[in-house]
Structure formats: structure tokens, C-alpha cells
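Before any comments, here is the structure.
The values are calculated or read from the model by the stated rules, or taken from the named source; none is laboratory data. Note that the coordinates shown come from a computational prediction; the quantities given were computed from them, not determined experimentally. In this analysis, Cβ positions are derived from the backbone assuming ideal geometry, glycine residues included, and neighbour counts consider all displayed protein chains. When the accessible area is computed, the model is the full protein with side chains, heavy atoms only, and any ligands, DNA or RNA have been set aside. Shrake-Rupley method; radii C 1.70, N 1.55, O 1.52, S 1.80 Å.
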Amino acid sequence: MTVASNKIHGSSEPKAVFRQNGQLSHSLSSNGSEVVVLVNAEGTVTYVSPSIITLLGYTLEEIVGCHIRFLIHPDDFDATQWGSGKTEADSSLYDEYREYRLRCKDGSWRSFEGSRTNLLQVPGVGAIVGTFRTVTQQKLTLPVQRSQMHASEHFVQFYEEDESLLDSLSSFIGTGLAAGDACVVVATMEHRKRLEERLKATGLDLNAAQARDEYIARDAGETLSLFMVDGLPAPECFTEVIGGIIERAAQNRRHVRIFGEMVALLWMEENQSAAIRLEELWNDLHHNPHHFSLFCSYPMHCFASETYGRQFAEICLQHSHVLPAESYSALLNADERLRAISLLQQKARSLEAEIAARKQAEEALLYMAAIVESSDDAILSKNLDGIITSWNAAAERMYGYSAQEIVGLPVTVLFLPERQEEFTQIMTRILQGESVDHYETKRVRKDGIVLTVSITVSPIKDNTGVIIGASAIARDITEQKRLEAKFRQLFDSNLIGVFVLDFAGTFLDANNALLDLLGYTRTELQAGVMQRDTLTPPEFHLLSQEAMGKLQETGSFGPYEKEYLHKSGRRVPVLLAATRIEQTNTCLGFALDITERKELDKRKDEFISMASHELKTPVTSLKGFLNLLQRSLTVQGDEKALHYLTRMNTQVNRLTNLINDLLDLSKMHTGKLAYREELFAMDALVQEIMENVQETTQTHRLLLEGQTQAEVLGDRDRIGQVLINFLNNAIKYSPQADIVRVRVAKEQNKVLVSVQDFGIGIAQEHQQKIFERFYQVSDSEEKTYPGLGIGLYISFDIIKRHGGQVWVESQKGKGSTFHFALPLVEEERR
Ligand code: ADP
């Protein structure tokens, strides 16, 4: 059965218990030759001292969580005493030591003297404490008997007082000499002197023993110097020196006892690795043909620091037996042990808490370090002399120096020559415990480039509250400053009105250009007088609400045209655009005064209107006279003159069309374009127009597909005008083609008319714009076509006024299809 499968998982959190006991073990580890176990009410081991490693061969993890029954020999085991799940009330508090056999890892049994203390009812302990000490140890703590010693024993004693060491030592040497063993003492002069005094006091004739090489005394320091090379024991020299001594002592095949203090000397010199190495060499020497028992000792105070925990365990492992320091072994009565264990437990708890707090602090520090390292801001620390002590990755990027280069240099290497006094100014405040917040200044990069930075400097205090340095967090604001300056320039240039508006409609800031434009003073602006709603004429309210909606949705609006009301009541046409200022409910707006442009537009429209009227009159009479002339020449039969006349007529018609378009345009603008409302048959209109247009072209054939049988309500001539425009364009823009296809169809509640040509086509980016006024596609490769760029604009307006839609589908080089759709007349209106 393996140990693991033997585990009883009664302990709710074995790991936690184990961890907690890990701390306890620290305090208990001075009792290296004793196994201490803590067992819960169910009999499960919740703690075991690390000495079990050397004494029984288990790892701690193998035992913690096991039932104690596993360790104790069945004949020595009393279930009622070791937690059986039953009440422990009748179980005695403390047992005298008696023999226990414990199971070794290899399955053999080893004898111990064990005692049991029932602390189940003790708050904070809640365990049965079992203490099992090796029989050998029991004997060794009393005068050491040769008969009980293993031939090649290597044991160690930790001692607190010299007196305790000398007790063991004089007993070890005294009984050895008495038994006829040879004894070697490699000790300090002090210890040798006091040992010899004690031995002599028991009546031993040391001089005689010395003469027979039964008692050999050496100075530890001197002997050590014989084989130490470069701070470590040289194995060959060691074997030679120590082997020589043992050989001398072992003549006549005597058993040899050695007491050595060289390891302790090395340990006290803080050469721990040499001490451990020396222990190993001693152990190697056990392969020497002469058996010897070796007694080492270490003063306990050498292990005061918790950092020696691992080395302490290592020393324990180097020895076959470990004698605990006297203070614990001395506690032989139950009350004292109880108190000691409680104290140890309290110590362990507080240590555990301290370690947990330290770990937390360490984790927090690591976390902080990660933040510092990944920060985009340069973060550095300096001592009170201004010497840089730490430097993060962002500082490297920002200033161009690596941490290696700059740590150790004064922070003033980053300062401009003319700003060196800043250091004293900042440090004066730091020394007063103050921080310097968002201080804007200049710093120099390694490559000489001057940066504008915003710096926050704060004092760093040690854990007693004394200021020992300062931390500085710097942000490169060079670019931000440049942008700010540019923006200021734009703001102050007054080329365009610039303002900051909140979403509720209050002007928060504005440049002089905007104030001038609207007739307000800065004081009025600051008093909150300027409100978008009162500055906007009623008919523009909807438009400006839509614009604000778009701003909130997409982050910007415009540019679009609107009017503001000047303080005097005068209307000011403006072109307006705005963009949201990130993460605020405000926007930055631009208002361009377009009064002049509007004025010019108005004058141009007036001119077009006037010119087309002026042109229309002579052209109309020209047309009249042409008709007269045509009739008279027909009578005369002058074919040649009639031919010229027909051509003149075509040109006059074109002129009339152009003038009509211009007139329509100006009427549309002033809202004076009148529409008649009549019911008409779509199919007939299409037929008629196609015939008329067909007459004007010899190059293209106009083909009609489909019929609608539909009637439309509206201005027949105007709708006809749209179709004419589509057809004329189709012919004009497809010079290489010879057909134009017209399709009519009824779709749901609409009539659809489409004109398809196979001409030059229109690139995607122009397809929306061709419906704007005066827009003509101009392409450097394309030849120019005659026209004014208003036909589609007028068509669009006509169809829109009839509640219909106009659109185009086209691909450059592949021809275009222009469509218009008109609503069908409902049955009852017919
Ligand atoms: P225009 O008098 O210039 O033809 P329109 O308003 O009728 O004015 O058309 C606007 C512009 O749209 C034209 O200048 C031309 O660039 C483009 N266009 C219109 N119809 C077509 C077409 N069928 N094929 C290619 N381009 C066209």
C-alpha cells in the first residue's frame, strides 16, 4: 500500500494546513531528532516536523493528510487516544513517554520514545501533539555510551550556552576514554581548556592518555588553515591532515571518537558553503578503514535569521543524529511543553501573518513595477542629491538614454543649461514634503532635441517617514503644445468664426471673428447670452437640430448653409461645420460668413433671369419671322433657301431651348416655376416625345420597350421636358453608338421610365453631383460636350415636385441609364 493511497482526506484544506504548518515547522525545526506530529480529532496528520525526512525517510507531503494509524505500529496504537472521531473527553491530557514503533518509508519499524499531548480543546491549537524522540537521542543527551553508538556515527549538536556543549562534550570524551576509545578534539582553545578541566576533575589522567595518543587535542583554527584553499576545504589536504590524525589515534584498531568545531568556525566566519562542504568531507572520510564517531556542534545563534532555514536543514541532513538545543530538550514536564508549543504556534501564526503581509506587499510592488514599466509616461526616481536611481522604459523612449546609461547620473543632465536652477526649486519643495504637480518645462533629450514636458514630482519616504528622494513622472507634451499653438493661431487669426458650443446650445467660447459676425461682445459671450436657438431664425431650427443630432451620432456635421441672426436682427448667411470635442458634450465649430457669396449668387441669378428674358423676346420674334419666311419660300418653291431656313430653324430651336432652361432655372430659384395639374396617359406622352426627338437625329435610333397603360397626374409638358432632356443627353453622350433604348413599365404604384444609352458613361464619384446646378463632368481625357449643366438639375426638380424620384445607373465607358419614377394616380382620382 502506498503512502499516498493511504491518505485520509479528512482535513478540509490539507494544503492550507500544510502551509500553515510550514511556518510552525520553522519554529520546531530546532528539534531535528524528534518527530513532532499534530493530529486532528479524526486522527489525520495535519502537521509533521521536517525531522521525519531524516528519521523515517518520508517527505512532508507524504505524511500530512495521512491517518496517524499509518505511522504507528498496530500493537502500539490506541485508537481512542489518537483521534477516532469519538469524543476525546476521556483521553488523558498528557501521557508519559513510552515506546512507539514508527514505520519507516522502506517499510521497516524504528523504535521511538513517544508522548502524546491532547490539545484538541485548546483554542487555536485543536490538535493532538505527538512527540517521538529517537532512543539514541535520549541516550545521547545523557552521558554517551559507546555500546549504543553506531560505529560510524556523525551527529551534530546545536547549543545555546557553552555550558550545554561542554556537558555533552565531556560526557562524549569522558565515556570514550573510559571505554578505551581514542578521542580527538579539534576545538577552540577556550573549549579545549574547559573540557580538559572537566575531564581532569573526574580523575582522568589526560597527560598519560595524550602520551598514548588516546587523547589528541588540536586547535580548530590552525587545523583548518592546513587544508583551506581559496576559502574552501581542499579534499586531498583534508584527507591527508585529518586522515593522518585518525590513523594515529586508531592504532591497535581502537575505536575513535572525534569532536570537531571547524565547521562551526567556518559558519561563524559566514563561510557557510565551506562549512557544508567540510561536513561532506567528514562523511566521505567514513569510508576510511578506521571507524570513528564524529561529534559536531554549532552555536544556535548562528541560525537566528530565517534565511538560514534551508542551510540549517542541510546540516541536519549531513548528520545521522541531531541534538536539539538545550532549551527545548529541557522542557520535560507537560505544562512546559504545552506552553512551549503554544508559544511556537503563536510565533508561527504571527510569522505566517507577517509573511503573508510581506508577500502581499511584494506582489503589490511587482504589480506597481509592471505598471511603471508599461506606463507611457517617463517615470524616474532620484535621491536627494538628484542622482537618478531608477528609469522606466518610457523614460528611455522619451529621453533617449537607456537605464544603464543614466542611472547614477544627476537628473540635471536632462535640464537645459539656463534652467539648471529648477532642480533646487523643485527639491526645496520636495524636502518640505510637497509635490510639484503638472509643472510645464523644457528638457533635453540625449540627441539634443528639446522637449516640452509636463512633470509631477513627489517625495519618496522610507518606512519611518523620512524623505529620501523623489519620483518624477514626465509626459512629453511637445506635440500637444505645437498643436495648441497652431489652434490658437487659427482661433486668433479671425479668418473664420471659431466657437465652442455645448450640446445644450450655449456658446462657451468664440473668437473675435465670430463675435463680430454676430454683433456680440466678449462680456456678453461670457455671461452666456449667446444661445444657438435665439441666434437662429425659426425656419432654420429644424436644420440645426438635425445637425446636432448628426454631431452626437457621428462626431461631426456639415458644412451646411444656414443663417444666423445678428444682434441687430439682420440675417447673416453662414457656412457651418462642427466637430465634437472628444469625451465632452461640447463641439468645436467653424462659421464662414457667406454674405458676399450669397449676394453674388443673388446678383448672378438676377442677371440670368434678366438676360434670359431679354434674349427670349428677340428670339421669339426671330422664330415668328422664320415661320413667315418659310411659308413664303414654300410658295415660291425655292428649295435651296428652304433648306437653309430649316437649318436656321433648328438652331433657333436650340437657342430657344437654352433660353427656356435658363428661364426655368431662375423661376425655380425664386419659386415662380408654375406647374399645371392634369391627367395624362404616359404611353402616349413617351410615344410623342420619342417621335419628336427622333426627327432631330440622324445618328441614333430610339427604341421603345413596354407600355404602362397608366395615367399620371401632373404637368405633361414638364414631364415631357424631362424625357427630352434624358433623350438629348443619351444621344449627346453616346457619339459612337447608334441606338437609345427607352423602357416604360408599371411597378407597384409607380410608372417607371428609363433611358439607356451605350455611350461614355459616368464614373461613380460624379453620379450624385450631375443633378446639381451647373455641374458638368469634366475629365481631362474627355472632349468637351456643349451644354450648361442645368438640364438634369431642372429634371430633378420637376420630378421631385411631382413626388417622384430620379436616379442614374452607369459605368464609365459602358453607357448610362437614367430613370424617373412617378406615382400612379389612385383609381378614385381618375
Ligand atoms: P448638360 O447641359 O451639360 O448636358 P445636364 O444637366 O443635362 O447638363 O447634365 C449634367 C452632366 O451630366 C453633363 O454635363 C454630363 O457630364 C453628364 N451627363 C448627363 N447625361 C449623361 C449621359 N447620358 N451620359 C454621360 N454623361 C451624362
Inset, instruction - Please verify whether region 692-699 includes one or more residues that are without any contact (Cβ under 8 Å) to a residue 12 or more places away in the chain, farther than 17 Å from I799 by Cα, away from the ligand (no atom under 16 Å from the Cβ) and within 60 Å of the chain's Cα centre (by Cα). - result: no
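Within region 700-718, work out how many residues are within 20 Å of L679 (Cβ to Cβ) and within 16 Å of the ligand (Cβ to nearest atom).
Going through region 700-718, the residues within 20 Å of L679 (Cβ to Cβ) turn out to be 707-718.
This time we only want the ones that are within 16 Å of the ligand (Cβ to nearest atom), so: 718.
The number of residues fulfilling the criteria is 1.
Considering each residue of region 383-396, count those that are open to solvent by less than 40 Å² (accessible area, probe 1.4 Å) and part of a helix (DSSP H, G or I), and give that number. Don't jump to the end; show me each part of the working.
Going residue by residue through region 383-396, those that are open to solvent by less than 40 Å² (accessible area, probe 1.4 Å) are 386, 388, 391-395.
Right, trim to part of a helix (DSSP H, G or I) and you get 393-395.
Matching residues across region 383-396 total 3.
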Legend entry - Breaking point among (1) more than 27 Å from N627 (Cβ to Cβ); (2) open to solvent by less than 30 Å² (accessible area, probe 1.4 Å); (3) outside any loop (DSSP other than H, G, I, E, B); (4) free of Cβ contacts under 8 Å to residues at least 60 places away in the same chain, for T708: (3)
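What number of residues in region 675-704 are β-branched (V, I, T) and open to solvent by less than 40 Å² (accessible area, probe 1.4 Å)? It would help to see each step written out before you state the result.
Going residue by residue through region 675-704, those that are β-branched (V, I, T) are 686, 689, 693, 696-697, 699.
Checking the rest, the ones that are also open to solvent by less than 40 Å² (accessible area, probe 1.4 Å) come to 686, 689, 693, 697.
Number satisfying all stated conditions: 4.
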Inset, instruction - Residues being closer than 12 Å to S458 by Cβ, open to solvent by 70 Å² or more (accessible area, probe 1.4 Å) and in a loop (DSSP other than H, G, I, E, B): count how many of those fall in region 433-446. - result: 1
Legend entry - Set A89, A79: member being more than 48 Å from the chain's Cα centre (by Cα), open to solvent by 20 Å² or more (accessible area, probe 1.4 Å) and at pLDDT below 70: A89
Inset, instruction - Go through region 120-150 and give me each residue that's of a type outside the set (D, E, K, R), open to solvent by 40 Å² or more (accessible area, probe 1.4 Å) and at pLDDT below 50. - result: Q138, T141, L142, P143, Q145, S147, Q148, H150
Legend entry - Evaluation of N463 against (1) open to solvent by 70 Å² or more (accessible area, probe 1.4 Å); (2) in contact with a His (Cβ under 7 Å, 6 or more places away or on another chain); (3) of a type outside the set (K, R) (one fails), failing number: (2)
Inset, instruction - Answer yes or no as to whether I762 is in contact with a helix residue (DSSP H, G or I) (Cβ under 7 Å, 6 or more places away or on another chain) and under 21 Å from A737 (Cα atoms). - result: yes
Inset, instruction - Only residues that are in contact (Cβ under 8 Å) with a residue 24 or more places away in the chain and over 18 Å from L451 (Cα atoms): list them for region 376-404, please. - result: S381, K382, N383, L384, D385, G386, I387, T389
Legend entry - Filtered residue count, region 230-271, keeping only those that are open to solvent by less than 40 Å² (accessible area, probe 1.4 Å), free of Cβ contacts under 8 Å to residues at least 24 places away in the same chain and within 60 Å of the chain's Cα centre (by Cα): 1
Inset, instruction - Select from region 204-229 the residues that are open to solvent by 50 Å² or more (accessible area, probe 1.4 Å) and in a loop (DSSP other than H, G, I, E, B) and list them in ascending order. - result: L204, D205, R212
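Here is a yes/no grid of residues against (1) modelled with pLDDT under 90; (2) of a type in the set (A, V, I, L, M); (3) at positive phi:
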{"site": "S556", "(1), (2), (3)": "no, no, no"}
{"site": "Y564", "(1), (2), (3)": "no, no, no"}
{"site": "K567", "(1), (2), (3)": "no, no, no"}
{"site": "V574", "(1), (2), (3)": "no, yes, no"}
{"site": "T579", "(1), (2), (3)": "no, no, no"}
{"site": "F590", "(1), (2), (3)": "no, no, no"}
{"site": "M610", "(1), (2), (3)": "yes, yes, no"}
{"site": "T617", "(1), (2), (3)": "yes, no, no"}
{"site": "Q630", "(1), (2), (3)": "no, no, no"}
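Tally up the residues in region 616-646 that are of a type in the set (K, R) and either touching a strand residue (DSSP E or B) at 6+ places or on another chain (Cβ under 6 Å) or within 23 Å of G791 (Cα to Cα) (or both), please.
Taking region 616-646 first, the residues of a type in the set (K, R) are 616, 623, 631, 640.
So of that shortlist, the ones also either touching a strand residue (DSSP E or B) at 6+ places or on another chain (Cβ under 6 Å) or within 23 Å of G791 (Cα to Cα) (or both) come out as 616, 623.
Adding up the residues that qualify gives 2.
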Legend entry - Residues (more than 12 Å from the ligand (Cβ to nearest atom) and in a loop (DSSP other than H, G, I, E, B)) located in region 810-826: L824, V825, E826
Legend entry - Residue match in region 728-735 (condition: assigned to a loop (DSSP other than H, G, I, E, B), at pLDDT below 95, more than 12 Å from the ligand (Cβ to nearest atom) and not charged (D, E, K, R)): no
Inset, instruction - Taking T424 as meeting all but one of (1) of a type in the set (S, T, Y); (2) in contact with a helix residue (DSSP H, G or I) (Cβ under 8 Å, 6 or more places away or on another chain); (3) not in a loop (DSSP other than H, G, I, E, B), write down the number of the exception. - result: (2)
Inset, instruction - Would you check which residues across region 738-793 are near the ligand (Cβ under 10 Å from one of its atoms), under 23 Å from T696 (Cβ atoms) and not in a loop (DSSP other than H, G, I, E, B) and list them? - result: V740, V755, Q756, I770, G791, L792, Y793
Legend entry - Candidates L517, L508 - the one that is touching a residue at least 60 places away in the same chain (Cβ under 8 Å) and more than 30 Å from R773 (Cα to Cα): L508
Inset, instruction - State whether the residues of region 715-729 include one that is more than 30 Å from D605 (Cα to Cα) and surrounded by fewer than 20 Cβ atoms within 10 Å (Cβ to Cβ). - result: no
Inset, instruction - Taking W109 as meeting all but one of (1) in contact with a Gly (Cβ under 9 Å, 6 or more places away or on another chain); (2) modelled with pLDDT of 85 or more; (3) not charged (D, E, K, R), write down the number of the exception. - result: (1)
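Can you tell me which residue in region 794-809 is surrounded by the fewest Cβ atoms within 10 Å (Cβ to Cβ), limited to those that are over 54 Å from the mean Cα position of the chain (by Cα) and near the ligand (Cβ under 10 Å from one of its atoms)?
First, the residues of region 794-809 that are over 54 Å from the mean Cα position of the chain (by Cα): 794-804.
Subset that is near the ligand (Cβ under 10 Å from one of its atoms): 794-796.
Values: I794: 23, S795: 23, F796: 20.
The selected residue is F796.
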Legend entry - E270 being at pLDDT below 90 and not hydrophobic (A, V, I, L, M, F, W, C): yes
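For (1) over 30 Å from Y97 (Cα atoms); (2) open to solvent by 70 Å² or more (accessible area, probe 1.4 Å); (3) at pLDDT 80 or above; (4) outside any helix (DSSP H, G or I), each residue gets a yes or a no:
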| position | (1), (2), (3), (4) |
| --- | --- |
| L344 | no, no, no, no |
| A348 | no, no, no, no |
| A353 | yes, no, no, no |
| V372 | yes, no, yes, no |
| M398 | yes, no, yes, no |
| Q404 | yes, yes, yes, no |
| T412 | yes, no, yes, no |
| R429 | yes, yes, yes, no |
